[in-house]
Structures are given as structure tokens and as C-alpha cells.
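Undergrad: Sharing a structure, written as C-alpha cells. Questions coming.
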Amino acid sequence: MLARRPAARRAVRRDGFTLIELLVVISIIATLAALILPAIQNARETARRTECLNHMRNLGVAAQAYSTSKGGSLPYLYDVTSPINWGPVATPVLGPSPWTVQLMPYMELGVLSERLLATSTDAPAPNDTVSLANTQQRIFNCPTDLGSDLPGNLSYAINSGYTVTGTWNTYLDPNGHRSDMYDYGFNSPQYDTNDFDVSRSTGVAWPDVQIKFDRVTAADGSGQTILFTENLQAQNYAGRPNAASGIPFYDYSIMMPFTGTVSNTLGTPNTVAMGVDGGGVAGGIGTGTNKALALKLDVAYNSEVAADALLNQARINVNLNSAPEGASPRPSSLHPNGVNVIFVGGNGKFVAQNIDTMIYVQLLSWNGARLGQNIVSDQNF
């Protein structure tokens, strides 16, 4: 007889992975995710920061176009000669047009500018003043600003120089005067044209005078003078109605405050002690006792800023989580570790929040080098 061939052993069927195999696969996926996700987030943030800087570059181009058409002048902080009526025709409530509205005709928003300056609350919606002011405009918003989807939101601010008031609550009177800075008092308590020249050398946007583009170029340089920065606490781009106490201009500007004594009433020349050495004001800006040194910074300026609560609030990205809207006129953004900045010359840059305070203050002034400040190199910021 033939021997019986043993039956082939049936292969064992496997219905899935073992527990160990699953754990290995999961660990590999987790490792890859840990490596890839941060790169994705960084790429998204880079894209948002680039988009924000492009918006600001467009604002810078608009400011240059404005300057070309206005005899070389940069825009006013507010223009009281072109008011917006926030009330009815019979009893108007006039507010000056901020720099944003002044630049609209040079950003293909000329019709919106015209309607804002010509309408009132008597006009039927959506052409009444409030509805027009609530129109969303992407160019005025940074994509990282949590309020960028709010009606009429603004993410950017213009450089309004130094402020000598003891608080952030500085105002314009109905005639467009800035209540906090008319006299630095570097040589005497009397207000004169020298004081005016010094104060207007500290920022490029003022309510009562326009700074010339070529003056900036011939002084500290258009590539080293800040024009626009980000500010999460900026307000509506069209402004807000007039008020009996004046118009808060910190809605749309950045400033560097220092302690002083504002002695006179709103809108009139003020007597203010000038500097750390010359005027004896701790934490002040400027140590000189004559015009040529009126904006010379004390060697201990950085430590003075750190020790003074008011000055400390002017640092980049300070108080991000609790700063009230419209009450913190300092550069701020949700970009990690800094803010986007556009200079008068149109060049843009990301400025680190830990920039040397003395360098930052010098970037705000456009004529500081002629008034005692050090020459700033491109390598300093």
C-alpha cells in the first residue's frame, strides 16, 4: 500500500496587527506629527506676517503718493479741514478725518473717502456715516489681529513722536491742537519757535502741521524713520465723533511718553520740563539745555524706561493681554516676538520686541541727529 501523504498544514489567518505593532505605528505617527506640525504652523505664521507687511507696504506707497500730490507733505495725524459728520445735517457732530481716510484716494478707496466726508446720519443706510465707517477693509487689518473681522477695524498706527503728558489720555481740541506737546522747555519756560521745531522733530504725523518728505530724507533719513507700525489697540479706521473734551488721538498713533508737567489748558502752549539733566525730570527724553542738544538721550535711558511705569508701557508688545482698546499707543502684534514696521521711505522690516529702547526712540524722531541724538546704523535694528 501507498503511504498516505500527510495533509498540508493550513496557514494561520491573521486578522490584524498585534498590540506591539500598533503601538510602534502610533509612536512613529506621533513622532512625525511632532516634527511636521510646528513647521506647518511656522509656515502659516510666516504667511500671515508677510500678508500683514504687504498691507503696510501698500499704506507706505499710498503715503508717498499722497506726498507727491500734496507738495511733498506727509499726511496729518488728523485733518480738521476735512471733517466727518457723525451727526445729522441740522446739528452736525464733526470729527476730523484721520490719516487713514486721507490716504484712501491713493488706495483705490476714493469713493469711500468722498462719502465719509460728505454724508451724515441723515443719509439712509448703508450710506450713512456709521454704516460707511463700518465697511470692512482688508488693507487696514493684520490677519493675526483678533479683531480683524470687526466692522471698520484698524490694526495699524502712525508715528506721532514723543508725548510729555503724564498719562496716555492725550487729546486734540476741536481746532486740531495736540494738548500734550507744545513746549519742551529745554532752555526756558517760555514757548517759542525753537520749542515748536524740537517737538515736531519727534514724529511724522501731527494735527496742526505736515512734515515734508524731503526734510525727513535730508535729516535722519526716510529709511530710518518709522512711519507705520502695528497696534492691536488701534480703533476704527474712520475715526469717531467729536467730544467736548477733545478727540483722543491715541486711537491711530504710537507715541513715546515721558513724564512732565502740563501746565496750561487744552490746545494751548504748555510749559514742560524737558530732560533728565536739563529739566530734572526722571525718565525724560533729552538732556540738553540748548536746542542743539534738546533731544540728546541720557546714557541711563534704558534703565529709566524700565523703572518708570508710564515709559515702560510704551515698549513694543507690552501689556498685550490686558491693554484696553484705544488706550495703548505703542507697537503691538500677535506675531511672535515683534511687530512689522514701515519706514517713511517705504522699506518694511520686522522689528524685535527686545530692540534697544534708545534705538527705538531714535527711530521715532526724524530730526533727532541734528538735536543731539546719536547716528543710527542699519545694523542697530
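The values are calculated or read from the model by the stated rules, or taken from the named source; none is laboratory data. Treat the numbers as computed from the prediction; the structure is a model and nothing was measured. Backbone-built Cβ (ideal geometry, glycine too); neighbour counts: all protein chains shown.
Undergrad: Could you list, ordered by first residue, the pairs with Cβ atoms under 6 Å in which the first is in region 97-110 and over 13 Å from residue 140 (Cβ atoms) and surrounded by fewer than 24 Cβ atoms within 10 Å (Cβ to Cβ) and the second is modelled with pLDDT under 95 and among the small types (Gly, Ala, Ser), at least 6 apart or interchain?
TA: Once the first residue is over 13 Å from residue 140 (Cβ atoms) and surrounded by fewer than 24 Cβ atoms within 10 Å (Cβ to Cβ) and sits in region 97-110, its partners that are modelled with pLDDT under 95 and among the small types (Gly, Ala, Ser) give 97/82.
Undergrad: Let me ask something else about it. State which residue is surrounded by the most Cβ atoms within 10 Å (Cβ to Cβ) when the search covers only region 278-321 and only residues that are small (Gly, Ala, Ser) and at pLDDT 70 or above.
TA: Restricting attention to region 278-321, the residues satisfying the condition of being small (Gly, Ala, Ser) are 278-280, 282-284, 286, 288, 292, 294, 300, 303, 306-307, 309, 314.
Those still in the list that are at pLDDT 70 or above too: 292, 294, 300, 303, 306-307, 309, 314.
Numbers: 292: 12, 294: 30, 300: 14, 303: 12, 306: 12, 307: 12, 309: 8, 314: 25.
Looking at residues that are small (Gly, Ala, Ser) and at pLDDT 70 or above, I get 294.
Undergrad: Give the number of residues within region 111-133 that are within 30 Å of residue 54 (Cβ to Cβ) and surrounded by 16 or more Cβ atoms within 10 Å (Cβ to Cβ).
TA: Count: 10.
Undergrad: Here's another thing I want to ask about it. Run down 82, 120, 73, 155 and say which single residue is modelled with pLDDT of 95 or more and over 19 Å from the mean Cα position of the chain (by Cα).
TA: Numbers: 82 fails: modelled with pLDDT of 95 or more; 120 fails: modelled with pLDDT of 95 or more; 155 fails: over 19 Å from the mean Cα position of the chain (by Cα).
Selected residue: 73, the only one of 82, 120, 73, 155 that is modelled with pLDDT of 95 or more and over 19 Å from the mean Cα position of the chain (by Cα).
Undergrad: For residue 26, state whether it is modelled with pLDDT under 80, assigned to a helix (DSSP H, G or I) and either among the charged types (D, E, K, R) or exposed (fewer than 12 other Cβ atoms within 10 Å of the Cβ) (or both).
TA: Spelling it out, it is not the case that residue 26 is modelled with pLDDT under 80, assigned to a helix (DSSP H, G or I) and either among the charged types (D, E, K, R) or exposed (fewer than 12 other Cβ atoms within 10 Å of the Cβ) (or both).
Undergrad: Mind counting the residues in region 322-342 that are surrounded by fewer than 21 Cβ atoms within 10 Å (Cβ to Cβ) and either among the charged types (D, E, K, R) or in a strand (DSSP E or B) (or both)?
TA: 2
Undergrad: Still on this model: Taking residue 338 and the conditions (1) in contact with a helix residue (DSSP H, G or I) (Cβ under 8 Å, 6 or more places away or on another chain); (2) without any contact (Cβ under 8 Å) to a residue 60 or more places away in the chain, which numbered condition does it fall short on, given that it satisfies the others?
TA: Of (1) in contact with a helix residue (DSSP H, G or I) (Cβ under 8 Å, 6 or more places away or on another chain); (2) without any contact (Cβ under 8 Å) to a residue 60 or more places away in the chain, only one is false for residue 338: (1).
Conditions tested, residue by residue: (1) modelled with pLDDT of 90 or more; (2) of a type in the set (D, E, K, R); (3) at positive phi; (4) in a loop (DSSP other than H, G, I, E, B).
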| site | (1), (2), (3), (4) |
| --- | --- |
| 168 | no, no, no, yes |
| 196 | no, no, no, no |
| 223 | yes, no, no, no |
| 236 | yes, no, no, yes |
| 239 | no, no, yes, yes |
| 243 | no, no, no, yes |
| 263 | no, no, no, yes |
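Undergrad: Scan 147, 161, 152 and give me the residue that is assigned to a loop (DSSP other than H, G, I, E, B) and farther than 30 Å from residue 90 by Cα.
TA: The match here is 147.
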